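Working notes, structure below.
The values are calculated or read from the model by the stated rules, or taken from the named source; none is laboratory data. These figures come from a predicted structure and were not determined experimentally. Note: ideal-geometry Cβ built from the backbone for every residue, glycine included; neighbour counts use all protein chains shown. Heads up: the accessible areas ignore ligands, DNA and RNA and are worked out on the full protein's heavy atoms, side chains in. Shrake-Rupley method; radii C 1.70, N 1.55, O 1.52, S 1.80 Å.
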Amino acid sequence: MICEVIDDFLNKSYFKELQEIIESEDFLWLYKKNLTWSNKDNLDNMQNYGFDHWFYKDEGQVESPVGYLVKPLLLQIQDKIGCDKILRARADMVTWTKEPFLHEAHQDYTFPHKACVFYINETDGDTVFYNVQKNEYNKDCEIKERVSPKPNRLVIFDGELMHSGHSPTKHKRRILINCNFMKQITWT
(Lines give C-alpha, C1' and ligand atoms only; values in the text may rest on other atoms or scores of the structure.)
Protein backbone atom coordinates (compact mmCIF):
# COMPACT_ATOMS: atom_id res chain seq x y z
CA MET A 1 0.00 0.00 0.00
CA ILE A 2 1.25 3.42 -0.95
CA CYS A 3 -0.91 5.21 1.57
CA GLU A 4 -2.68 4.63 4.87
CA VAL A 5 -6.43 5.26 4.97
CA ILE A 6 -8.22 5.91 8.28
CA ASP A 7 -12.00 6.24 8.30
CA ASP A 8 -13.83 8.16 11.04
CA PHE A 9 -10.61 9.88 12.05
CA LEU A 10 -12.31 12.52 14.20
CA ASN A 11 -15.07 12.03 16.74
CA LYS A 12 -18.55 12.66 15.31
CA SER A 13 -19.36 15.95 17.06
CA TYR A 14 -16.05 17.59 16.22
CA PHE A 15 -16.20 16.45 12.61
CA LYS A 16 -19.80 17.63 12.22
CA GLU A 17 -18.88 21.12 13.50
CA LEU A 18 -15.86 21.32 11.17
CA GLN A 19 -17.88 20.05 8.21
CA GLU A 20 -20.79 22.46 8.77
CA ILE A 21 -18.48 25.49 8.91
CA ILE A 22 -16.36 24.56 5.87
CA GLU A 23 -19.40 23.61 3.78
CA SER A 24 -21.36 26.74 4.74
CA GLU A 25 -22.09 29.54 2.30
CA ASP A 26 -20.23 31.94 4.61
CA PHE A 27 -16.88 30.10 4.40
CA LEU A 28 -14.29 32.22 2.56
CA TRP A 29 -12.86 30.58 -0.57
CA LEU A 30 -10.21 32.20 -2.77
CA TYR A 31 -9.99 31.41 -6.49
CA LYS A 32 -6.77 29.82 -7.79
CA LYS A 33 -6.20 29.45 -11.51
CA ASN A 34 -4.27 26.25 -10.80
CA LEU A 35 -4.31 24.31 -7.52
CA THR A 36 -1.27 22.18 -8.38
CA TRP A 37 1.31 25.00 -8.42
CA SER A 38 1.88 24.90 -12.15
CA ASN A 39 1.99 28.19 -14.05
CA LYS A 40 -0.04 26.74 -16.90
CA ASP A 41 -3.12 28.85 -17.55
CA ASN A 42 -4.26 28.08 -21.05
CA LEU A 43 -7.46 26.75 -22.57
CA ASP A 44 -6.14 23.17 -22.52
CA ASN A 45 -5.75 23.45 -18.77
CA MET A 46 -8.93 25.37 -17.93
CA GLN A 47 -10.35 22.76 -15.53
CA ASN A 48 -7.29 22.77 -13.27
CA TYR A 49 -8.69 25.73 -11.33
CA GLY A 50 -10.09 25.52 -7.83
CA PHE A 51 -10.54 27.37 -4.58
CA ASP A 52 -8.56 27.32 -1.36
CA HIS A 53 -8.53 28.64 2.18
CA TRP A 54 -5.23 28.65 4.08
CA PHE A 55 -4.79 27.70 7.76
CA TYR A 56 -0.96 27.37 7.78
CA LYS A 57 1.30 28.64 5.02
CA ASP A 58 5.08 28.50 4.80
CA GLU A 59 5.32 27.06 8.30
CA GLY A 60 3.25 29.79 9.96
CA GLN A 61 -0.32 30.07 11.12
CA VAL A 62 -2.49 32.23 8.86
CA GLU A 63 -5.31 34.42 10.10
CA SER A 64 -8.37 32.29 9.42
CA PRO A 65 -11.69 32.71 11.20
CA VAL A 66 -11.81 28.94 11.68
CA GLY A 67 -8.16 28.35 12.50
CA TYR A 68 -9.09 27.62 16.13
CA LEU A 69 -11.28 24.76 14.91
CA VAL A 70 -8.76 23.28 12.47
CA LYS A 71 -5.70 23.33 14.72
CA PRO A 72 -6.84 20.38 16.90
CA LEU A 73 -7.29 18.32 13.69
CA LEU A 74 -3.76 19.20 12.59
CA LEU A 75 -2.29 18.36 15.99
CA GLN A 76 -4.12 15.03 16.04
CA ILE A 77 -2.76 14.18 12.57
CA GLN A 78 0.71 15.32 13.62
CA ASP A 79 0.63 12.93 16.58
CA LYS A 80 -0.69 10.06 14.44
CA ILE A 81 2.09 10.36 11.87
CA GLY A 82 4.92 11.02 14.33
CA CYS A 83 5.87 14.49 13.12
CA ASP A 84 6.40 17.65 15.14
CA LYS A 85 6.13 20.46 12.61
CA ILE A 86 3.18 21.65 10.50
CA LEU A 87 4.51 22.90 7.16
CA ARG A 88 1.21 23.99 5.70
CA ALA A 89 -2.52 23.27 5.74
CA ARG A 90 -5.33 24.47 3.53
CA ALA A 91 -8.85 23.59 2.54
CA ASP A 92 -9.21 22.86 -1.18
CA MET A 93 -12.38 22.84 -3.24
CA VAL A 94 -12.86 21.81 -6.87
CA THR A 95 -16.23 21.96 -8.55
CA TRP A 96 -18.33 19.76 -10.81
CA THR A 97 -17.22 18.97 -14.34
CA LYS A 98 -19.34 17.35 -17.02
CA GLU A 99 -16.56 15.03 -18.17
CA PRO A 100 -14.03 13.33 -15.85
CA PHE A 101 -11.04 15.59 -15.21
CA LEU A 102 -7.81 14.50 -13.53
CA HIS A 103 -5.74 17.41 -12.21
CA GLU A 104 -2.00 17.57 -12.86
CA ALA A 105 0.25 15.17 -11.00
CA HIS A 106 2.42 16.97 -8.47
CA GLN A 107 4.23 16.73 -5.18
CA ASP A 108 3.73 19.27 -2.42
CA TYR A 109 7.42 19.67 -1.48
CA THR A 110 10.61 18.19 -2.92
CA PHE A 111 12.11 17.17 0.42
CA PRO A 112 11.15 14.36 2.82
CA HIS A 113 7.83 15.01 4.56
CA LYS A 114 4.43 13.49 5.24
CA ALA A 115 1.34 14.60 3.37
CA CYS A 116 -2.29 14.07 4.31
CA VAL A 117 -5.67 14.52 2.71
CA PHE A 118 -8.69 14.83 4.99
CA TYR A 119 -12.05 14.64 3.20
CA ILE A 120 -14.85 16.96 4.31
CA ASN A 121 -17.87 16.21 2.13
CA GLU A 122 -19.74 13.39 0.43
CA THR A 123 -18.50 13.48 -3.16
CA ASP A 124 -16.78 11.62 -5.96
CA GLY A 125 -13.35 12.43 -7.39
CA ASP A 126 -10.67 9.96 -6.35
CA THR A 127 -7.21 10.94 -5.19
CA VAL A 128 -4.63 9.01 -7.21
CA PHE A 129 -1.05 8.06 -6.42
CA TYR A 130 1.58 7.36 -9.08
CA ASN A 131 4.56 5.02 -9.18
CA VAL A 132 7.14 7.84 -9.07
CA GLN A 133 8.61 10.42 -6.73
CA LYS A 134 10.64 13.61 -7.06
CA ASN A 135 8.90 15.14 -10.09
CA GLU A 136 9.72 12.20 -12.36
CA TYR A 137 6.11 12.17 -13.57
CA ASN A 138 5.49 11.77 -17.28
CA LYS A 139 2.65 10.56 -19.48
CA ASP A 140 3.80 6.92 -19.14
CA CYS A 141 3.59 6.84 -15.35
CA GLU A 142 1.13 4.41 -13.84
CA ILE A 143 -1.52 5.05 -11.26
CA LYS A 144 -0.61 2.69 -8.41
CA GLU A 145 -3.42 3.43 -5.99
CA ARG A 146 -6.74 5.31 -5.80
CA VAL A 147 -8.62 6.50 -2.74
CA SER A 148 -12.25 7.57 -2.95
CA PRO A 149 -13.45 10.54 -0.91
CA LYS A 150 -15.50 9.84 2.18
CA PRO A 151 -16.37 12.39 4.88
CA ASN A 152 -14.04 12.15 7.90
CA ARG A 153 -11.52 9.97 6.01
CA LEU A 154 -7.81 10.68 6.46
CA VAL A 155 -5.23 9.57 3.88
CA ILE A 156 -1.55 9.62 4.91
CA PHE A 157 1.28 9.26 2.36
CA ASP A 158 4.90 10.10 1.55
CA GLY A 159 4.77 13.74 0.47
CA GLU A 160 7.39 13.24 -2.22
CA LEU A 161 5.09 10.81 -4.01
CA MET A 162 3.47 12.20 -7.14
CA HIS A 163 -0.30 12.45 -6.70
CA SER A 164 -3.36 14.19 -8.07
CA GLY A 165 -7.12 14.25 -7.79
CA HIS A 166 -10.24 14.21 -9.92
CA SER A 167 -12.88 16.91 -10.08
CA PRO A 168 -16.32 15.55 -9.21
CA THR A 169 -18.78 14.55 -11.94
CA LYS A 170 -21.65 13.40 -9.69
CA HIS A 171 -21.56 16.10 -6.98
CA LYS A 172 -21.31 19.89 -7.03
CA ARG A 173 -18.00 20.10 -5.19
CA ARG A 174 -15.14 18.10 -3.67
CA ILE A 175 -13.80 19.58 -0.43
CA LEU A 176 -10.77 18.40 1.51
CA ILE A 177 -8.04 19.64 3.82
CA ASN A 178 -4.54 19.12 2.45
CA CYS A 179 -1.73 19.30 5.01
CA ASN A 180 2.00 18.62 5.19
CA PHE A 181 4.23 17.79 8.15
CA MET A 182 7.83 16.93 8.93
CA LYS A 183 10.12 15.98 11.76
CA GLN A 184 12.36 18.82 12.84
CA ILE A 185 16.06 18.12 12.80
CA THR A 186 17.64 18.55 16.20
CA TRP A 187 21.40 18.87 16.54
CA THR A 188 23.07 17.44 19.61
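Under a 1.4 Å probe, what is the accessible area of the chain per residue, stated in Å²? Provide the component values of the computation, followed by the final result.
Details: 10230 Å² over 188 residues.
About 54 Å² of surface per residue is accessible.
When only C-alpha pairs under 8 Å and at least 6 residues apart count, what is the relative contact order of the chain, in percent? Write out the running numbers ahead of the final one.
On the way: 402 pairs, mean separation 54.7, N = 188.
Here the relative contact order equals 29 percent.
Send over the semi-axes of the stretch 73-188's equivalent ellipsoid, whole angstrom and largest first, taken as the square roots of 5 times the C-alpha gyration tensor eigenvalues. Present the calculation step by step, with values, prior to reporting the outcome.
Details: eigenvalues 129, 67, 19 Å².
Values for the stretch 73-188, descending: 25, 18, 10 Å.
Step through the table entries Lys57/Lys172; Lys80/Lys172; Lys33/Lys57; Lys80/Lys170; Lys12/Lys98, compare each Cα-Cα distance with 29 Å, and write down the pairs that go over it.
Values: Lys57/Lys172 27 Å; Lys80/Lys172 31 Å; Lys33/Lys57 18 Å; Lys80/Lys170 32 Å; Lys12/Lys98 33 Å.
Going by Cα-Cα distance, Lys80/Lys172; Lys80/Lys170; Lys12/Lys98 fall outside the 29 Å limit.
Using only the heavy atoms of the protein chains and a 1.4 Å probe, how would Met93, Met182, Met1 rank by accessible area, largest first? Could you put the intermediate results ahead of the total?
Values: Met93 20, Met182 40, Met1 180 Å².
Largest accessible area first, the residues go Met1, Met182, Met93.
From zero up to wherever the largest Cα-Cα distance of the stretch 63-103 sits, split into 5 Å bins and tell me the percent of pairs in each.
The distribution over the stretch 63-103 is 5, 16, 22, 16, 11, 13, 12, 5, 0, given as percents.
Return the loop-located trypsin sites (Lys or Arg not before Pro) in the stretch 151-186 (DSSP other than H, G, I, E, B) with at most 11 other Cβ atoms within 10 Å of their own Cβ; answer none if there are none. Kindly include the intermediate steps, with their values, before the conclusion.
Working: sites: Arg153, Lys170, Lys172, Arg173, Arg174, Lys183; in loops: Arg153, Lys170, Lys172, Lys183.
Passing both the DSSP loop test and the Cβ count: Lys170, Lys172.
Ignoring any ligand, DNA or RNA, what whole percent of the accessible area of the chain comes from carbon and sulfur when the probe is 1.4 angstrom?
In the chain, the share of accessible area belonging to carbon and sulfur is 49 percent.
Can you tell me the convex hull volume per residue for the stretch 56-135, based on C-alpha atoms, in Å³ to the nearest whole number? Could the numbers behind the result be given before it?
On the way: hull volume 10.9 nm³, N = 80.
Each residue corresponds to 136 Å³ of Cα convex hull volume.
What nm value, rounded to one decimal, do you get for the distance between Gln76 and Glu4 when each label is placed 7 Å out toward the C-beta?
Inter-label distance under the simple model: 1.5 nm.
For the residue pair Asp84 and Asn34, what label-to-label distance in nm results when each label sits 7 Å from Cα along the Cα-to-beta-carbon direction?
3.7
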